[in-house]
Every structure is written in structure tokens, then in C-alpha cells.
1. State the extension gain, in nm to one decimal, for the chain segment bounded by Ser56 and Cys35, taking 0.36 nm per residue of separation less the distance between their alpha-carbons.
2. How much length is gained if the chain between Arg10 and Ala26 is pulled fully straight, taking 0.36 nm per residue apart and subtracting their Cα-Cα distance, in nm to one decimal?
3. Measuring from label point to label point, each 7 Å out along Cα→Cβ, what is the Asp64 to Gln18 span in nm?
4. Rounding to the nearest 10 and keeping the result within 0 to 90°, find how far the Cα-based axis of helix 3-33 lies from the longest principal axis of the chain.
5. For the range 1-62, what % of the accessible area comes from carbon and sulfur atoms, probe 1.4 Å?
6. Given the rule -39500 (n - 2.57) for each run of at least 4 DSSP H residues, summed and divided by the residues of the chain, what is its mean residue ellipticity at 222 nm, to the nearest 500 deg cm²/dmol?
7. Any idea what the relative contact order of the chain is, in percent, if you count C-alpha pairs under 8 Å spaced at least 6 apart?
Amino acid sequence: MADQEEADTRLQLARLRQEHEDYDAAINAMITVGCDALRIQRMKKKKLAIKDRLTSLEDQIIPDIIA
């Protein structure tokens, strides 16, 4: 992976991590307030999709070494 490409991927990772944390805080606030369970479930699904994307990007940066 080229240096610029890796830097872009790391920047995207940082943004996604922040977005993941934001969703976590929003979900916790919704639970505290007693929001609709369906809305909470949708937020959790979006948060999971972000986590999957994070994992995918991390796999691109960290080589898979089989020992």
C-alpha cells in the first residue's frame, strides 16, 4: 500500500471511529430517555455497519501474517 493511500485509509479509520463513538453515545442517550425500541435497533444496526467497515479498513492496513 502506498504511503498516501495508507494515510488516507488511516484518516478514514479515525473518522469512522469517531462516528462509531457518536452512535454509541446517541444510543445510550436514547435508551436513557426511553426512546422507541425500533429507532434504537436501527441505530445499533448502523453502528454495526460502521464497525464492519472499520474492521475491513483495519484489515487493509495490517497485513495478515500466518505463522
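The values are calculated or read from the model by the stated rules, or taken from the named source; none is laboratory data. Just so it is clear, the structure is predicted and the values come from calculations on it, not from any experiment. Neighbour counts are summed over all protein chains in view; Cβ atoms, including those assigned to glycine, are modelled from backbone coordinates with ideal geometry. Remember, those area values only see protein heavy atoms, side chains included, never the ligands or the DNA or RNA. Shrake-Rupley method; radii C 1.70, N 1.55, O 1.52, S 1.80 Å.
1. 4.4 nm
2. Residue separation times 0.36 nm, minus the Cα-Cα distance, leaves 3.3 nm.
3. Result for the modelled spin labels: 3.1 nm.
4. Computed tilt is about 10 degrees.
5. Carbon with sulfur: 50 percent of the solvent-accessible area.
6. -30000 deg cm²/dmol
7. Once normalised by length, the contact order is 47 percent.
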